[in-house]
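Following: one structure in structure tokens, then a few remarks.
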Amino acid sequence: MQRRHTITTAPLLYNPEFPRSNRYDADWVLENQMGPNALWLMEWLTDAVELKAGMRVLDLGCGRAMTSIFLAREFGVQVWANDLWITPDHNWRRVKEAGVQDAVFPLRVEAHALPFAKGFFDAVVSVDAYHYFGTDELYLGYLSGFVRPGGRLGMVVPGLMREIEEVPDHLLTPQANGKVFWEDECWSFKTAEWWGNLWGRCGRVKNVQTAILSDGWRHWCDFERVLEETGRNLFPSDWQALESDGGRTIGFVRAVAERSDAESTNLYDPGIGLQAGADT
Ligand SMILES: C[S@@+](CC[C@H](N)C(=O)[O-])C[C@H]1O[C@@H](n2cnc3c(N)ncnc32)[C@H](O)[C@@H]1O
């Protein structure tokens, strides 16, 4: 069945901040979500990463490829929809159902083993995924090698609104459903300043800019409530913790940059020893 998601309004998820996302079927978004509303986050990201029809875009950690479909439909770009946990077979089915099979190409590759030519992409974008693989000093230098000079890189992740040394009690207290918001993995949530410093130290990009999504916690909380109300949550809902935090600690951070002319080396290439003449 060919479904055209941009003709259905989404009253359940209607949000005046995200007019493009409002055009997508709420059921489809809820069915394919893997965390906070990916379309809202991608829409915010594309405010800062200019996309033009025909561009080659890598959607890194695309999950169920909703954002890849969104990019193809909203901007007319070609999207390589890469994810680790979700198979290309499942994403291809969704891509075909959305009618964008000429523009979205699903694949499954670990983020440190990207199989693309140097400078292949006009842009790399990522929502709610970059913190799983991009917090070390080497990753951006590696990733930017796949973007042409002058191309753009951008990501949105859950982040900290301020540096913390200890986790606030309200994020460690069990919610009414028994779920504790904070898990060890949340230490990969960083502040905008932290991401700005990390990206700012990488010579292979320039014009680094970071931002915090205004009322990000509220958007996340609203989405979690809808998930719970509709029984579509994959995990017990976190709305209560997000509400008690009220944006003091948790929200969304965006980082964008332009690819510079500086050369890059693929430090994750297993053949690098051979190139260096080592006896491997
Ligand atoms: C929380 S999900 C978000 C998915 C999607 N972006 C969304 O917002 O719906 C994080 C995604 O990051 C991907 N991911 C995590 N580690 C990865 C890695 N090392 N390489 C590629 N993708 C990775 C996972 O496959 C997963 O789908």
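Quick rundown of the values:
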{"quantity": "Antiparallel bridges, percent of DSSP beta bridges restricted to region 11-155 (to nearest 5)", "calculated": "0 percent"}
{"quantity": "Peptide ranges 50-56, 82-88 listed from the most packed, as the mean C-beta count within 10 angstrom indicates", "calculated": "82-88, 50-56"}
{"quantity": "Kirkwood-based shape ratio for region 127-280, expressed as Rg/Rh from alpha carbons", "calculated": "1.08"}
{"quantity": "Residue-span extension gain [Ser244 to Leu138] - 0.36 nm each, minus C-alpha spacing", "calculated": "34.6 nm"}
{"quantity": "Calculated Rg and Dmax of region 117-200 using C-alpha coordinates, Å", "calculated": "16.0, 50"}
{"quantity": "Among 155-161, 187-193, the order from most to least packed when residues are scored by Cβ within 10 Å on average", "calculated": "155-161, 187-193"}
{"quantity": "Cα extents of the chain along the three principal axes, largest first (Å)", "calculated": "60, 51, 34"}
{"quantity": "Length gained when the stretch Asn207-Ala278 is fully extended (0.36 nm per residue, less Cα-Cα span)", "calculated": "21.9 nm"}
{"quantity": "Region 184-237 - convex hull of alpha carbons, volume per residue in Å³", "calculated": "120 Å³"}
{"quantity": "Orientation-averaged projected area, Cα convex hull of region 42-138 (nm²)", "calculated": "6.1 nm²"}
{"quantity": "Probe 1.4 Å, accessible area per residue of region 1-141, Å²", "calculated": "42 Å²"}
{"quantity": "Ranked by how many other beta carbons lie within 10 Å on average, peptides 254-264, 168-178 from highest", "calculated": "254-264, 168-178"}
{"quantity": "Percent accessible area from carbon and sulfur atoms, the chain, protein chains only, probe 1.4 Å", "calculated": "49 percent"}
{"quantity": "Nearby aspartates and glutamates by direct alpha-carbon distance to Lys118 (threshold 16 angstrom, same-chain neighbours under 8 apart not counted)", "calculated": "Glu258, Asp261, Glu263, Asp269"}
{"quantity": "Dimensionless Rg ratio for region 69-187, taking C-alpha atoms and the 2.2 N^0.38 Å reference", "calculated": "1.31"}
{"quantity": "Inter-label distance, nm, simple model (7 Å from Cα along the C-beta direction), Glu263/Val167", "calculated": "4.5 nm"}
{"quantity": "Debye, to nearest 20: dipole size of the chain, +1 on Lys, Arg Cβ, -1 on Asp, Glu Cβ", "calculated": "1080 debye"}
{"quantity": "Stokes-Einstein D (µm²/s) once Rh is taken as the Kirkwood radius of region 209-280 over alpha-carbon pairs, at 37 °C in 0.692 mPa s", "calculated": "202 µm²/s"}
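The values are calculated or read from the model by the stated rules, or taken from the named source; none is laboratory data. Every value quoted in this text rests on a predicted model; they were computed, and no experiment measured them. Please note: Cβ atoms are built from the backbone with ideal geometry, for glycine as well, and neighbour counts cover all protein chains shown. All accessible areas refer to the heavy atoms of the entire protein, side chains included, with ligands and DNA or RNA removed. Shrake-Rupley method; radii C 1.70, N 1.55, O 1.52, S 1.80 Å.
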